[in-house]
1. For peptide A:440-450, what's the mean number of Cβ atoms from other chains within 10 Å of each residue's Cβ?
2. What's the magnitude of the charge dipole for segment B:106-227 around its Cα centre, counting Lys and Arg as +1 and Asp and Glu as -1 at the beta-carbon? Answer in Debye, nearest 20.
3. Karplus couplings for segment B:155-170 from phi (6.51 cos²θ - 1.76 cosθ + 1.60, θ = phi - 60°), rounded to Hz, Gly and Pro as x?
4. Using alpha carbons only, how many degrees (0 to 90, rounded to 10) separate the axis of helix A:240-252 from the longest principal axis of chain A?
5. With an 8 Å cut-off on Cα pairs and a minimum separation of 6 or more residues, tell me the relative contact order of segment A:28-152 in percent.
6. Can you compute the charge dipole magnitude of the protein assembly as shown about its Cα centre, using +1 on each Lys and Arg Cβ and -1 on each Asp and Glu Cβ, nothing else charged? Give it in debye, rounded to the nearest 20.
7. So if we plug the beta-carbon distance of A:SER166 and B:HIS44 into 1/(1 + (r/R0)^6) with R0 = 56 Å, what FRET efficiency do we get, rounded to 0.05?
8. With an 8 Å cut-off on Cα pairs and a minimum separation of 6 or more residues, tell me the relative contact order of segment A:192-283 in percent.
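Just so you know, all these numbers are worked out from the coordinates, no wet-lab data involved. Just so we're clear, the structure is a prediction, and the values are computed from it rather than from any experiment. Virtual Cβ from ideal backbone geometry, glycine too; neighbours counted across all protein chains shown.
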Amino acid sequence: MQYTKFALAALTAAVLAGCGGSGGGDQTLKVKYTAQVSFGDSLSDVGSYAVGTVAALKGGKFTINGDNTAINPELTGKNWTEHLAAQFGLPAPCAAETGLEGNAAQGFSVARVKKAGCFGYAMGGSRVTNPVGPNNKLTGSALGALTVPVTTQIANHLAASGGKFSGTEVVFVMAGGNDLLFQLGSLQAAATAAGTAAGSATFASTLIPLLAAGATNPATAGAAITAAVRTASAAPGATTTTIVTAAVGAAAVQPGNSAVASAAVYGPMVTTAQTAATAAGAKAGADYAAANGPALVTAMGTAGTELVALVKDQIIAKGATHVVVNNLPDVANTPSGLSKDASTRALINAMVSAFNTQISTGLAANDKVLIVDVFAVSNDQATNPGPYGLTNVKEPACDLTAAKNPLGSSLVCNGSNLIAGDVSHYSYADDVHPSPFNNLLLARYVAKDMVTRGWL
Amino acid sequence: MNKRFNSAAQLLAAIAAMTLASAASAQSAGTFTAKVGLNKITPHVTSGDMTAPALPNTKADVESDTKPILTLAYMVTDNISAEMHLGVPYKHDLVGDGAIKGTGKLGTSEVLPPTFLMQYRFFQADTMIRPYVGAGLTYAYFQKERGSGAMTALLDPGGPPSTYRLKNKLAGSIQLGATLAFNERWFADVGIIKTYLKTRATFSTGQTQDIKLDPTAVSVGIGYKFF
């Protein structure tokens, strides 16, 4: 019996001794890609503008630039396409074209260069087909972003690679955001102009009868004040103050109306007029936006349709077999979107939805396309940041004040011009672009979908 | 279904006839038995969510495995026995579930579940069919946890190979089974063991995940008695 016990103990010990630590295991991936080709905008840009002053400011990508892992391990300076290229075992992606066409004195004029062997075509400001995106020289921007549209990016790749895709590369497409931002910016500028015009008109039409009311002949006084306001408004450098001064001056010289010259008398009248003007301006601006918003939604649908056509006719029909298309993220929940009023945010959502609907219907059930629902995950992150490890989903990590960041953009944001505190797990670097940590989350999300599809 | 049941019944009848014909068996105090067989461990996983950073509702599932088993038992009295289960490591696949369902096999882990049970065997020592119940302890010893390219892609794309560790745990087990004596020396045994096992996976990227495995082990084997 003693022997039996010993045998049992020895056997148990022998079995337990067969131990081994944990390890990474077989890292072989289901599909081996020969190259990564990326089309799109700033979200995937790997350094198209990392030249001239942008490079001097230690910028170039639209996130927190540079390897700042010494500050925090999450501050890798990498965007999602860089993480995935490494996962595929490919070299670090490089920008297919670099340069800037902006203000030479500020160092924003650097010759355009096409880089052979670099397939990072995605470029900050690029739209789907329209060559003029945010910060393009034709917008009057000092930066002079090239904003080569996706349609041209694809054409450039085809030109550089014998008119076809090899079929062994992975192709990333992520675009449409600048179609939204650019058109929304134009709409807002126009709406503001409409509001300002309506406000000025209401200000004058409210103030003049009030100022004229005390005169012996209000009609005559009104005409005189109107003429004065018109002249003052047309004068160079006209402000509300100059207009009010002219109007009060004209009113006070009218017979029986000298009392109006006193600030105690005309002051409340001006306040009344300003209140009316503000209300009228806001209404006119909102009316303009409401009237013209639907056209923007339609335009985003068109951009979506155009992108679908490019993916089908210029990418898949030319031989690509693994095309990952990211839809538009939740723009209304970016710091930029959050700064807008409710109706504008509703408009943004409608624009995003119009674009994404075209992507999902146009590319559905295509065995060479993987649509990644970035909208869903970015929308969830905005309301449920905890599980993602995000500590702030509303504010930029970069200090975007002019003193710290001359462009007010993550393009020149790095470890030296962040806001105070630990920003390593912030969602956003600037008002629309994700932080390196959120870029890692995006890379993981895309990877998850690729693994599920059997593409990774 | 009915046909299959009939043939199973016929088989049982044949075994019964065969064993009736043999000499009376004994499973009495002081007997030492060794049994070899096959054991299938099927975890019944209730996965917690992976901690941040992870997609909400990221869960894990663990697949079953079947391996040979060696069981040694000692009859303390005619009815009470002590049993030790030993065997080669079981290799289980770790599979994505919940928000990452469809990602398939992400890793593997080996587990050695040496189990010690005290049993009560019904009826007389020489009864041909003796059902038994048992209760005891299982030490779940995890080893050789391995990630994969897919796990790295999900946790840290482009980073160093990701892996994980499972925490070794002592767990309670209950058992139900029966032996069928062929003759004085040889017997067949079927048994089922339910183990109440909770463990925690810790990933190399920092996340943890609580996983209730609660495996059911079903074994069939042939045993031999030493007097």
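1. On the way: counts 5, 3, 1, 5, 10, 3, 2, 9, 12, 3, 5.
Neighbouring Cβ atoms belonging to other protein chains average 5 per residue here.
2. On the way: 13 positive and 8 negative charges, 39 e Å.
The calculated dipole for segment B:106-227 is roughly 180 debye.
3. Rounded to whole hertz, the list is 9, 8, x, x, x, x, x, 8, 8, 7, 10, 10, 7, 5, 9, 8.
4. In chain A, helix A:240-252 runs at an angle near 10 degrees to the longest axis.
5. Numbers: 284 pairs, mean separation 34.6, N = 125.
Across segment A:28-152, relative contact order equals 28 percent.
6. Working: 46 positive and 40 negative charges, 255 e Å.
Roughly 1220 debye, rounded to the nearest 20.
7. Numbers: r = 47 Å, r/R0 = 0.84.
Between A:SER166 and B:HIS44 the formula returns 0.75.
8. Values: 112 pairs, mean separation 40.6, N = 92.
Rounded, it is 44 percent for segment A:192-283.
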